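Engineer: Let me give you the structure first, and then I'll get to my questions.
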Amino acid sequence: MGSIKSKKLSWPAQAKKALGQNFLQNNGIAKALVGAAVIDPEDTVVEIGPGKGMITQFLLERVRKVIAVEKDEELFDFLKEKFSKEVAEKKIILVHGDILKFNPSRYAIVASDYKLIGAIPYNITGALFKYFLQKIKTPPKSIAFIIQREVAQRILTKKEKRSGSIRGKENLLSISIKAYGSPRYIKTVRRGSFWPIPKVDSAIFVIENISKDFFETISEKKFFALLRAGFAHKRKFLVRNIENVSGYDTKTAFSICKIPERARAEDLSLENWRCLAKNL
């Protein structure tokens, strides 16, 4: 695209470990991430940690507006210079700040009116999911992230993989995400696609159909209190974990939900948890 200036830009020399910076260096992966987000021309996209703008430039070719949130001051200044034309044309809004404090309503965005995308810092993966799925009043329509491959695989536990029959166990993060949307593993991203090179491989991972419909008949707050209690001591039977913190009539609830009394939290499906939340 003709937006990048021909003069040499001042690119920060070192990644900041405290900010979890590993910069994407692979154009093909950037395109694949944007493709996985299934972006329409009229969409508004919020990008997390644009870094040197590799993903950003592909987004600008596809959508009417990009809001890019960068915490690093050096990178923010770099992006202002790199995308000065698009900033002037209001095709991109550059925000210098912490994504975990980002408020979409300040930019005239309402719930399910934007898509969230980014090659995110590994060290805030869980916090980002919690913030944009649970805490925020204006959740996104969908999420497309590059995250650690191991984390993506744990979230998609109990789903058949093309390469084998690994099924695994559920966990607090996997159940939490499935309560809000449909997660999907798109492809593996090798560690050499980043600089500095991380110690692990990553994955393009999406969550589609995001909504709070799951909580129409149960309390969101009570559901997560139950979930946290259930996973508090993984080696204990679930019934003991719940009894210790709630005093509920667990025997009756387990019977109604057809859950064995010797089941552990990791053995339950999302529907099992919904049933427990209704009947405890």
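The values are calculated or read from the model by the stated rules, or taken from the named source; none is laboratory data. Quick caveat: nothing in here was measured; it's all calculated off a predicted structure. Don't worry about glycine lacking a Cβ; one is built from the backbone with ideal geometry, like all the others, and counts go over all protein chains shown.
Yes or no, residue by residue, for (1) at pLDDT 95 or above; (2) more than 24 Å from Val110 (Cβ to Cβ):
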site	(1), (2)
Thr157	no, yes
Arg162	no, yes
Ser165	no, yes
Ser174	yes, yes
Ile177	yes, no
Ile186	yes, yes
Arg190	yes, yes
Lys199	no, yes
Ser202	yes, yes
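Engineer: For the subset of region 120-143 comprising residues that are in a loop (DSSP other than H, G, I, E, B) and basic (Lys, Arg), which member is nearest to Ile29 (Cα to Cα)?
Structural biologist: The qualifying residue nearest to Ile29 (Cα to Cα) is Lys141.
Engineer: For Val45, state whether it is touching a residue at least 60 places away in the same chain (Cβ under 8 Å), in the same structural domain as Ile93 (by TED's automatic domain parsing) and part of a strand (DSSP E or B).
Structural biologist: It is true that Val45 is touching a residue at least 60 places away in the same chain (Cβ under 8 Å), in the same structural domain as Ile93 (by TED's automatic domain parsing) and part of a strand (DSSP E or B).
Engineer: Name the one entry in Leu75, Leu128, Leu100 that is of a type in the set (A, V, I, L, M), surrounded by fewer than 19 Cβ atoms within 10 Å (Cβ to Cβ) and within 22 Å of Leu33 (Cα to Cα).
Structural biologist: Leu100
Engineer: Check off (1) modelled with pLDDT under 95; (2) over 25 Å from Ser105 (Cα atoms); (3) surrounded by fewer than 19 Cβ atoms within 10 Å (Cβ to Cβ) for Ala32 and give me the number that stays unchecked.
Structural biologist: Looking at each condition in turn, Ala32 falls short on (1).
Engineer: Take the residues in region 61-76 that are touching a residue at least 40 places away in the same chain (Cβ under 8 Å) and under 21 Å from the mean Cα position of the chain (by Cα), then tell me which one is farthest from Thr138 (Cα to Cα).
Structural biologist: Among those that are touching a residue at least 40 places away in the same chain (Cβ under 8 Å) and under 21 Å from the mean Cα position of the chain (by Cα), it is Asp72.
Engineer: If you check every pair at least six apart or on different chains, which have Cβ atoms under 8 Å apart with a residue in region 90-119 that is in a loop (DSSP other than H, G, I, E, B) first and a residue that is at pLDDT below 95 and exposed (fewer than 11 other Cβ atoms within 10 Å of the Cβ) second?
Structural biologist: These pairs meet every condition: Ala111/Lys137.
Engineer: Under the condition of being farther than 18 Å from Lys169 by Cα and among the charged types (D, E, K, R), which residue from region 222-280 is modelled with the lowest pLDDT?
Structural biologist: Of everything passing the filter in region 222-280, Asp249 is modelled with the lowest pLDDT.
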